[in-house]
Amino acid sequence: MSRRPILAANWKMHLLRADAEAFCEALTAEPDHPGVDVVIFPAAPLLGTVARGLEGSAVALGGQDVHPAAAGAHTGDVSAPQLLDAGCTWALCGHSERRRDHGEDDALVAEKAAACRAHGLIPLVCVGETLEERHDGRTFEVLSRQLGAILDAELDTFELAYEPVWAIGTGEVATPEVAQGAHDFLRGELRDRLGGARADTTRILYGGSAKPGNVDALFQGDDIDGFLVGGASLDSNQFSAMIGSLR
Ligand code: PEP
């Protein structure tokens, strides 16, 4: 089953408007990126700048987080309708930095993903084990629990990012075998719960210190459909090189 490759940039709490403008100008010098879906997840204050910068290109925009409610008294939060209004078609749900910094649990992540679907955004749901959980031999138990909450929400569609917490921002990338093993496990869970057709079409991105020097080897994995990239996505040259690897 061939799934369309996807490369996503998670800018986290980095960059200012001028940086974002320069990045978009470089990225959209080639507006189409044929054969690859490209998504940028900037910090909320940059959404307008990036939406303008990507106009006329095939590159999509996403929010780094989304509140389960459509509107309300939730200071500092952003709703799915607001993301849509800003030009987003995607939202990250359950990134490990939000699970860590904001105590987001599996149930809340599932509510966020459901809010995305209620308003037409594609949730990119992040799952992944900590180093301690991996050392304890609990990787698959953790992945099963995190994905299970999403599956229980019975969403009509979502995409997944496997992001081992020990590989995020550490420079320590999972080996192709470790990454493929986790992706294969996740695809198996999708198959068991959703059937073969959904399992075959749901993309599973790898995230964790992905960069131009390692994506070629990782992308050999049958179940690795693309990458969610933090650090290396801040440099348009590195990011464009990774798009080239997915073609
Ligand atoms: C991420 O933040 O989703 C990520 C994968 O970061 P990095 O590429 O820097 O490890």
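Throughout, read-outs are computed from the coordinates displayed, never taken from laboratory work. As the structure is a computational prediction, the values presented were derived from the model and not from experiment. Every residue, glycine among them, receives a Cβ derived from its backbone with ideal geometry; neighbour counts consider all protein chains shown.
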Cut-off under 5 Å, modelled amide H: who pairs with G207 long-range: Y162, E163, L228
For the range 1-55 versus the range 206-247, the gap between their alpha-carbon centres in whole angstrom: 14
Simple spin-label estimate for D235 and D32 in nanometres, 7 Å along Cα-Cβ: 2.9
Residues R247, R98, sorted so that the one with the fewest Cβ neighbours within 10 Å comes first: R247, R98
Kirkwood Rh and Cα Rg combined as Rg/Rh, the range 62-220: 0.96
Cα Rg, Dmax (largest Cα-Cα span) when computed across the range 3-138, Å: 15.6, 48
Point-charge dipole on Cβ atoms (K/R +1, D/E -1) for the chain, about Cα centre, debye to 20: 280
Loop-resident sites, the range 1-63, for trypsin sites (Lys or Arg not before Pro), counting at most 16 other Cβ within 10 Å (DSSP): R3
Inter-label distance, nm, simple model (7 Å from Cα along the C-beta direction), T89/L151: 2.8
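Summing -39500 (n - 2.57) over the DSSP H runs of n ≥ 4 in the chain and dividing by its residue number, what mean residue ellipticity at 222 nm do you reach, to the nearest 500 deg cm²/dmol?
Taken over the chain, the calculation gives -12500 deg cm²/dmol.
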Placed amide H near A9: partners under 5 Å, 5+ positions off or other chain: V39, I40, F41, V229
Neighbour-count order for M242, M13, fewest beta carbons within 10 angstrom listed first: M13, M242
Distance in nm between pseudo-label sites at A22 and R247 (7 Å out along the Cβ direction from Cα): 2.5
Neighbour-count ranking [beta-carbon atoms within 10 angstrom, fewest first] of F227, F185: F185, F227
